[in-house]
Amino acid sequence: MLRRLLLLCLCALLPLSALAQAPVEGTDYVRIPDGPRWKPEPGTIEVVEVFAYPCGHCDQFRPMLAAWKRAAGKDVRVHHLPAAYDPGNAYARAYFALQALGRAAELHPRLFDAIHREGSLPAQGASTGEMVAFLASEGLDPAQVAAAMGSPATDEKMNAARAFAVRSGLQGTPTLIINGKYRVQARTLRDSLRIADGLIAMERAVPR
């Protein structure tokens, strides 16, 4: 009995990361050969969430990811990246336009609300005009939004996002990519965050 108590005490002193089950390659994640990071930043661990505004699972995942991000550690950088297989995708172009206008942090959640709760944006096939009209209703200048959505800079980001998704072997949304090296594959949204924690721990253990 005393031995069991000692073991329990020792386990209580271990960090949660040490007690958590390590992610298993081929089951919990896929290694991406020569995968580049989306936005390299020295001394950080990059987590890219590939999402789509019409995706109901992405909508459910958004608050979970936001809460996880607050506790992830100062060395973790989370980037939201729209799935951009179609160069004319107005949802993805709207996100990059918001980035260019400095309003992504504020209005990214509003686009999900507009689609999944309010019905003020269509759940599929929204046009550029519909996206511009909605963002104008949120206080943005419609001419600036339209220009940003159709700009060469947005074209480049759409192409880069598509290339990133293809190299990562993206199979659906939401998907987390860790440091360009690992694509998380999980059975549940919550499990994807557990796997991300394990992969981040692996990256922290790599000598720099």
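Assorted remarks:
- Solvent-accessible area, 1.4 Å probe, carbon plus sulfur percent, for the chain: 58 percent
- Summary of the geometry: the stretch 70-88 and the stretch 21-52, compared by the centres of their Cα atoms, lie 11 Å apart.
- Acute angle (nearest 10 degrees) that the helix 104-113 long axis makes with the longest principal axis of the chain, alpha-carbon atoms: 80 degrees
- Sparse packing (at most 15 other Cβ atoms within 10 Å of the Cβ) combined with a DSSP loop state is found for the following trypsin sites (Lys or Arg not before Pro) in the stretch 14-90: Lys74.
- Label-reachable residues, the stretch 88-126, where backbone N falls under 19 Å from a point 7 Å from Met64's Cα toward its Cβ: 109, 112-113, 116-117
- Residue-normalised accessible area of the chain, given per residue in Å² at a 1.4 Å probe: 54 Å²
- Seen against the Cα atoms of the chain and their longest principal axis, helix 128-137 is set at about 80 degrees.
- Cα-projected label distance for Arg31 with Thr44, points at 7 Å along beta-carbon direction, nm: 2.6 nm
- Gap separating the Cα centres of the stretch 171-186 and the stretch 116-142, nearest whole Å: 28 Å
- Counted over the chain, the DSSP beta bridges are approximately 55% antiparallel.
The values are calculated or read from the model by the stated rules, or taken from the named source; none is laboratory data. Computed from a prediction, not measured in an experiment: that's the story for all the values here. Note that each Cβ is placed from the backbone with ideal geometry, even for glycine, and that neighbours are counted across all protein chains shown. Surface areas here come from the heavy atoms of the whole protein model, side chains and all, with no ligands, DNA or RNA. Shrake-Rupley method; radii C 1.70, N 1.55, O 1.52, S 1.80 Å.
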